[in-house]
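**Q** Got a structure for you, written out below as structure tokens; questions coming shortly.
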Amino acid sequence: MNSLNFIPLLTDANFDAAVTGEKTPLVVIVKTDWFGITYIMAPILQAIVREYKGTVTFFAVDYETNRRIAETFDVHNIITFLFFRNGNVVNRIVGPVSADVMRNTIEDSFF
């Protein structure tokens, strides 16, 4: 089950191709489905995804089944948000945040 079913999932197998070639700013959400914070964040993320449609791409990664991604980007906490520009991490948020904090981080990171 994907708790963030409105956001496409990436895996260890397709992550590099999706992120490296992406010219649009992108946010990767590293999460697990069993952790309640993911469900708490879902309505906030749904609004943010809708608000930035066409200007920011969003992907999710399941932490437990895609450990290579977590290790590569030094992710130790769920939920973690990685902000990518031109294939490089330019910012990160660790832990749950409000819509305003997410919005401000997107704006500061990309625009």
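The values are calculated or read from the model by the stated rules, or taken from the named source; none is laboratory data. In this text the structure is predicted, and so the values were computed from the model without any measurement. Cβ sites come from the backbone with ideal geometry, for glycine too, and all protein chains shown count toward neighbours.
**Q** When you go through (1) touching a residue at least 12 places away in the same chain (Cβ under 8 Å); (2) part of a helix (DSSP H, G or I); (3) of a type outside the set (Asp, Glu); (4) exposed (fewer than 15 other Cβ atoms within 10 Å of the Cβ) one by one for residue 38, which number turns out not to apply?
**A** Every condition holds for residue 38 apart from (4).
**Q** Given the conditions (1) farther than 16 Å from residue 109 by Cα; (2) within 10 Å of the chain's Cα centre (by Cα); (3) not in a helix (DSSP H, G or I); (4) not acidic (Asp, Glu), which single one is not true for residue 76?
**A** If we test residue 76 against (1) farther than 16 Å from residue 109 by Cα; (2) within 10 Å of the chain's Cα centre (by Cα); (3) not in a helix (DSSP H, G or I); (4) not acidic (Asp, Glu), just (2) comes out false.
**Q** Sticking with this structure for a sec: Can you pull out every residue in region 41-72 that is touching a residue at least 40 places away in the same chain (Cβ under 8 Å) and part of a strand (DSSP E or B)?
**A** Listed by number, the residues that qualify are 58, 59, 60, 61, 62.
**Q** OK, next. What single numbered condition from (1) at pLDDT 95 or above; (2) over 14 Å from the mean Cα position of the chain (by Cα) fails to hold for residue 86?
**A** (1)
**Q** Kindly check whether there is at least one residue in region 96-104 that is within 19 Å of residue 22 (Cα to Cα) and not charged (D, E, K, R).
**A** no
**Q** Of the residues 60, 99, 70, which is under 11 Å from the mean Cα position of the chain (by Cα) and among the small types (Gly, Ala, Ser)?
**A** 60 is the lone residue from the list that is under 11 Å from the mean Cα position of the chain (by Cα) and among the small types (Gly, Ala, Ser).
**Q** Please tell me if residue 26 is closer than 21 Å to residue 109 by Cβ and either small (Gly, Ala, Ser) or surrounded by 21 or more Cβ atoms within 10 Å (Cβ to Cβ) (or both).
**A** The answer is no for residue 26.
**Q** Just checking, does region 1-16 include any residue being in a helix (DSSP H, G or I) and of a type in the set (S, T, N, Q)?
**A** The answer is no, given that none of the residues of region 1-16 is in a helix (DSSP H, G or I) and of a type in the set (S, T, N, Q).
**Q** Out of all the residues in region 80-104, which are assigned to a strand (DSSP E or B) and either in contact (Cβ under 8 Å) with a residue 24 or more places away in the chain or out of contact with any Pro (no Cβ under 9 Å at 6 or more places or on another chain) (or both)?
**A** 80, 81, 82, 83, 84, 85, 88, 89, 91, 92, 93, 94
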